[in-house]
1. In the range A:390-419, how many residues are open to solvent by less than 10 Å² (accessible area, probe 1.4 Å), under 23 Å from B:Lys71 (Cβ atoms) and more than 9 Å from every other protein chain (Cβ to nearest Cβ)?
2. Name the pairs: first residue in the range A:326-354 and more than 14 Å from chain B (Cβ to nearest Cβ) and farther than 15 Å from A:Gly392 by Cβ, second residue of a type in the set (Phe, Trp, Tyr) and open to solvent by less than 50 Å² (accessible area, probe 1.4 Å), Cβ to Cβ under 8 Å, at least 6 apart or on different chains?
3. Answer yes or no: is there a residue in the range B:188-210 that is buried (at least 19 other Cβ atoms within 10 Å of the Cβ) and more than 16 Å from the chain's Cα centre (by Cα).
4. Report yes if some residue within the range A:9-24 is over 29 Å from A:Ile273 (Cβ atoms), open to solvent by less than 60 Å² (accessible area, probe 1.4 Å) and either at pLDDT 85 or above or not in a loop (DSSP other than H, G, I, E, B) (or both); otherwise report no.
5. Quick one: is B:Phe30 in contact (Cβ under 8 Å) with a residue 40 or more places away in the chain and within 13 Å of chain A (Cβ to nearest Cβ)?
6. Restricted to the range B:81-102, and to residues that are touching a His at 6+ places or on another chain (Cβ under 9 Å) and within 8 Å of another protein chain (Cβ to nearest Cβ), which residue is surrounded by the fewest Cβ atoms within 10 Å (Cβ to Cβ)?
7. So, in the range B:104-127, exactly how many residues are of a type outside the set (A, V, I, L, M, F, W, C), touching a helix residue (DSSP H, G or I) at 6+ places or on another chain (Cβ under 7 Å) and in contact (Cβ under 8 Å) with a residue 12 or more places away in the chain?
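The values are calculated or read from the model by the stated rules, or taken from the named source; none is laboratory data. Every value quoted in this text rests on a predicted model; they were computed, and no experiment measured them. FYI the Cβ positions are ideal-geometry reconstructions off the backbone, even for glycines, and counts take in every protein chain you see. Surface areas here come from the heavy atoms of the whole protein model, side chains and all, with no ligands, DNA or RNA. Shrake-Rupley method; radii C 1.70, N 1.55, O 1.52, S 1.80 Å.
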Amino acid sequence: MFSGLMSGIDVGLLLWRAQLRMFVNQTLRSGKPGRIVATIIGAAIIVLAWGWEALITTIGVEAARRFHAQVDVAHLLSLAFLGYTAVLVFSSLIFSLNALLLNPDLDLLLAAPRPVASILAGRMVLQVLRLFLLSLLFTGPALLVLAFANHNPLIVIVFCALYLLYPVFVVVIISLMSLLLVRVIPAGRGREILTLFGVILAVGINLLNFLFNPALRDSGFARRSGPPSLPDIPGASAPWLPSGWAGRSAAAALGGDWGSAVGWALILLLVSIVIFAFGTALSGRLYLAGWIQAVPPRRRTLAARGPRRRGSIPLLNPVLASIVIKDWRMRTRDLAQLLRFAMPVVFLFVIFGLRFPRLLSSVQGLGAGPAAAMLGLVPAWILLFSLSISLGLSAVSLEGKSIWVYAASPNTTIRFLEGKCWSAALPTGVLVALVAVIGEILIRPGLTWAATAVLVAVAQAASVTTLMVGIGAVFARFDWTDARRMMHPAGVFIGMGLFALITGASALLLAISLALAGATHFPLVTTWLAAVTVSVGGAVAVAALGLLIGNERLRGLELG
Amino acid sequence: MLSTRLLTKRYGSLTAVEDLDLEIAPGELFGFLGPNGAGKTTTIKMLVGLLRPTSGSARLAGIDILAEPEKAKARIGYVPDAATLYDKLSAREFLEFSGDLYHVEPRLRDRRIATLLKLFDLEQRGNDFLSGYSRGMRQKVSLAAALLHDPQVLFLDEPTVGLDPQSARQMKDILQDFCKEGKTVFFSTHILEIAERMCTRLAIINHGRLVAMGSLQDLRQMVGQDGQSLEQIFLELTGSREEDVSAVLRGLEG
């Protein structure tokens with residue numbers, strides 16, 4: 001068992017070196033100026049964030065010294081480790097299932113003349129090392145400040161040991177669970193199951209946070225009574241839980257009680273070794289027992305109910321209509337794509353729907369007028385933000401490796417982009433209009449104000465989504481296999497920034513129109529309509545520019 | 001029907017295709033052969049408008065492919081080596097989409113789809129998502145899509161890879177019938193036996209340069225030995241390394 005354990009660590013370090021080499025090859029040694037610059041910018045952002053974290057920690061330490069806050073440090077840290085466990089469970093589950101169901105490299109590794117158990121253990125070690133590095137990345141500066149403030153560098157060492165040991169039991173248990181889980185996951189549905197896990201977790205965390213976090217339990221726009229408090233789990237620091245061992249060890253290290261710190265850390269170490277050794281042996285046996293991998297998935301066919309829908313949209317050019325219909329089919333039939341639609345609506349429901357009665361009573365007293373009409377657009381703008389990013393930015397990349405089908409056809413790239421604009425802006429516009437109308441009906445700001453507000457929302461939806469399609473074309477990725485990697489991070493960043501600029505400028509213009517009417521005694525309707533016109537015109541102009549830039553990129557695209 | 005003049009593609013210092021001159025007549029079934037990395041796929045991609053040549057020109061039915069790509073593409077059918085199709089569309093839906101992209105009138109499109117699905121034995125699976133198709137079936141669907149708009153020139157990159165013997169035979173028949181109508185087929189393959197039996201003319205490319213072009217008889221005369229198989233001619237023109245390989249393998253044993 002011990003040799004298996006050492007062999008697992010050996011394989012893990014081998015994989016770790018390969019991963020590091022791949023990272024360096026893809027960044028600093030890529031020879032591509034863009035990637036090198038992006039790596040340097042990324043590093044600079046991390047250094048900035050570290051500086052910020054160090055500053056906040058220093059202020060916190062100073063404040064704690066001056067005000068002698070009465071905090072149960074051991075319990076607080078145990079709570080933090082327990083919360084971290086949720087992150088570990090999720091990331092390990094994705095990592096393990098990915099390795100078992102989707103990544104082809106496991107087969108390659110298993111073909112090597114090493115015991116199967118050591119290969120599986122090696123992947124666990126790799127996951128633990130990644131989590132260790134992430135923990136250090138997030139908390140490193142805070143640890144250094146704490147060590148410096150307490151004049152004790154050993155604090156860093158104890159925390160590093162805890163970061164390395166704490167994930168072990170979770171990673172091993174989840175790896176074993178994954179090996180059992182793949183037996184019941186239908187073959188060929190791995191990617192969808194993984195997506196579903198992600199969704200359940202995201203919605204679950206948001207719902208739990210909303211329902212149980214006292215800081216969020218307010219009544220609409222009313223001020224909270226009393227200070228906000230953090231959610232608490234009393235059992236987090238129990239002496240029989242790993243979170244309790246880690247939390248107590250960390251708290252003892254901060255307090256300078258080295259005996260307790262080492263004692264609790266030793267318990268964690270022993271338990272981790274035992275679990276890792278047993279887990280390694282068991283995972284080898286479970287893997288070799290096999291599961292039905294080779295059975296092809298159930299044939300998925302179109303429902304034979306009623307007449308089949310034909311591929312045409314009235315008043316739309318057949319090529320554009322075929323792109324819109326094809327994209328709609330792709331987005332609604334693929335779970336990962338469907339979620340791009342559904343998630344913004346679900347989160348809108350979590351944010352607004354669950355507080356609906358309280359919000360309604362708060363907004364009904366706002367009365368008539370343009371200010372109330374603008375307030376009614378808030379949910380529509382939130383939805384527009386999500387949908388324009390998720391549908392607009394991904395519209396061109398949605399083609400993936402099948403882009404050759406369009407590229408080989410006798411159509412221009414601008415026609416292709418036109419189709420993509422329709423395909424993203426139609427559903428976005430319809431949903432945004434629907435939410436805007438509902439908002440205005442509930443607030444009742446007066447027909448003129450409500451109608452123009454809805455008009456602004458729809459025009460913004462069309463223009464912002466068009467702009468996102470253009471940005472998506474500039475940063476298009478066609479080599480993705482995982483839908484999460486469809487969008488380029490730089491594209492998302494720029495898209496978000498431009499969305500904030502356009503909608504911010506639009507809101508500012510509308511606010512200025514109200515102020516202008518008050519100051520100059522112009523009729524409010526005149527200034528308001530002028531602001532609406534300028535706002536919509538500006539958004540359309542920016543969108544057209546985005547589209548032209550996107551088209552230039554696509555024109556220069558070579559599918560080698 | 002298809003001609004290229006000094007067609008060249010460079011990637012930085014690497015020359016993938018250099019000064020390629022081709023002249024292909026209507027009704028020809030033209031085989032494009034070469035070892036791995038010789039420049040076959042790059043040439044085909046330049047001819048169908050997926051890659052821009054670094055220099056040189058290409059004309060299809062008198063149309064400059066570079067100057068009027070859309071006009072040229074309307075006359076081209078293309079089957080790539082590994083056809084990536086839209087997984088979540090059924091074969092019928094994919095063909096409808098393809099027909100719309102090539103401006104085929106809807107009623108004619110639907111009639112042709114029915115004919116092509118029948119021709120490729122995909123009638124029963126026409127409403128199945130493409131994600132459930134085998135590689136060979138996908139290959140058939142992409143050939144059906146390439147034929148749907150009745151092109152004048154068909155470009156196929158390794159068309160028989162992944163096909164069972166029956167389907168490979170069927171594809172050969174289809175291509176030969178296509179050429180009988182005065183249309184042109186340009187295809188690359190590694191399977192020399194197929195090229196030998198099917199093609200009216202052949203071209204061999206190596207390291208991006210055209211090393212030979214003509215009928216099988218022309219190629220035999222070029223290497224100076226009658227009765228040689230295409231495989232022998234190919235190895236001779238592209239440089240056989242049988243002896244080197246044996247030496248390397250012997251070295252591994254030690």
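1. 3
2. A:Val350/A:Phe210; A:Leu354/A:Phe210
3. yes
4. Checked the range A:9-24: at least one residue is over 29 Å from A:Ile273 (Cβ atoms), open to solvent by less than 60 Å² (accessible area, probe 1.4 Å) and either at pLDDT 85 or above or not in a loop (DSSP other than H, G, I, E, B) (or both).
5. no
6. Step by step, filter the range B:81-102, then rank; the result is B:Tyr102.
7. Here the count works out to 4.
Conditions tested, residue by residue: (1) under 28 Å from A:Arg191 (Cβ atoms); (2) part of a helix (DSSP H, G or I); (3) open to solvent by less than 40 Å² (accessible area, probe 1.4 Å).
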site: A:Pro113; (1), (2), (3): no, no, no
site: A:Leu134; (1), (2), (3): yes, yes, no
site: A:Gly140; (1), (2), (3): no, yes, yes
site: A:Phe148; (1), (2), (3): no, yes, no
